1. When the chain is treated as a GNM, springs tying every alpha-carbon pair under 10 Å, which of PRO330, PRO262, PRO147 comes out with the largest mean-square fluctuation?
2. Looking only at the stretch 52-257, where both bridge partners belong to it, what percent of the DSSP beta bridges are antiparallel (to the nearest 5)?
3. With a ≥ b ≥ c the root eigenvalues of the C-alpha gyration tensor of the chain, is it rounded (a/c under 1.5), prolate (a/b larger than b/c) or oblate?
4. What does the highest-first list of 286-293, 272-279 look like by mean Cβ count within 10 Å?
5. Can you tell which of LEU53, LEU122, LEU215 shows the greatest fluctuation in a Gaussian network model of the chain with Cα springs below 10 Å?
6. Among the complete DSSP H segments of the chain, which ones combine at least 18 Å of alpha-carbon extent along their axis with a mean Kyte-Doolittle hydropathy of 0.0 or more?
7. Let's test the formula: R0 of 22 Å, r as the Cβ-Cβ distance of MET4 and GLU145. What FRET efficiency results, to the nearest 0.05?
8. How far, in nm, would the chain grow between ALA227 and SER269 when pulled straight, counting 0.36 nm per residue and subtracting the alpha carbon separation?
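Where a number appears in this text, it was derived from the coordinates with a stated rule and is not lab data. The structure presented is a predicted model; accordingly, all values stated were derived computationally and were not measured. Heads up, the Cβs are rebuilt from the backbone with ideal geometry, glycines too, and the neighbour counts pull from every protein chain shown.
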Amino acid sequence: MPFMKQNLAGLEAYKAPYITTGIKLDANENTHPIPQALRDHMREWVDSMLISLYPDTNSIALCEALARNYEVPSDWVVCGVGSDQLIDYLLRAVLKEGDKVLAPGPSFSMYRQSTFINGGQLIEVPLASDFSYDVPAFLEGIRKEQPQLIFICNPNNPTGCALTNEEMERIVTSTSALVIIDEAYGEFLGETAIPLVKKYSNLIVLKTFSKAYSLAGARVGYGVAQAPLITMINKIRPPFNLNIFAQEVALWVITHQEAFAPSIAAIVSERERLIKALKELGLTVYNSKANFLWVETPLALDEILTKEEIFIKKMGYNGKPYFRISIGTPKENTLLINVLKKEARVCAQQA
Ligand SMILES: Cc1ncc(COP(=O)(O)O)c(C=O)c1O
């Protein structure tokens, strides 16, 4: 197409299957039932919803609730249509053609996609051989490449490794570039870098309602940073980005977080059970602080499980196959383990 920007020619559109049946362990969602009180609240809210009016363009009630939650001023918070949207706005606001962006490798695919769309080049600093963060290599990457923007994914998707706040502080203080700490899975780690935002003006922490808080379908993410950084994003953010439904449902969740504590705790304890069970089956499973596991095996795990309507994500890294398996409910995890046990017996018989 003669009118298309040349750099888009080599770019593939993002694809994801829309699966609504079976056991969905491919996208790191919280598969526990959503709290009944949330359903009840939204059912009542529908009767009075102001759908004929534009929504609050600044999602003020939601930003204020988030600000109270993190004890920061409300002009230190911005909401996006998922944290994906905020990733794109940050890159749009910062990058000039050819600018460098540094990220761990492997990490979240949208860092590469959005960097590319916004004219930048993504430089990956490989994780260590056990897929933990290699902090000295990351610091050396920053020194050598002098990137304009740095992503830290904590815990990292797809590997589940995590940094401490001290390690992240070392990274933030090593540069004047913008540092984005993406805490999409932070609730499963149980720590946040948001207190660091008070000390560093080049830092933004991104979080989302899509994972621990079961709202992937509502598309709400947010960023916490000092006011000038938030103002920068607001210059780019289009009016009315969050619809009224999204604002309302996220406001309920942030003001009723305790309703999600049991499912988050169950996922964290199931994570350890699943790691142990998969290791016993001879699979290589890496440590994870998130709600998914990074698994290495020559078996076609995705094919084996899809036959039983259990869906996981097949991924590749350095020419090798890997699988990312979200932690489901105890019942879902048991079904997954049982299918794999059966298959392990079949493999043993065939060997
Ligand atoms: C590390 C990470 N960051 C951000 C996102 C985007 O989440 P959302 O746009 O649903 O808020 C995801 C989603 O998979 C993710 O894994």
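1. PRO262
2. 35
3. Working: a/c = 1.63, a/b = 1.20, b/c = 1.36.
Since a/c reaches 1.5 but b/c is at least a/b, the shape of the chain is classed as oblate.
4. So the peptides 286-293, 272-279, ranked by packing, come out 286-293, 272-279.
5. LEU53
6. 82-94, 261-280
7. 0.15
8. Contour length minus the Cα-Cα distance gives 11.4 nm.
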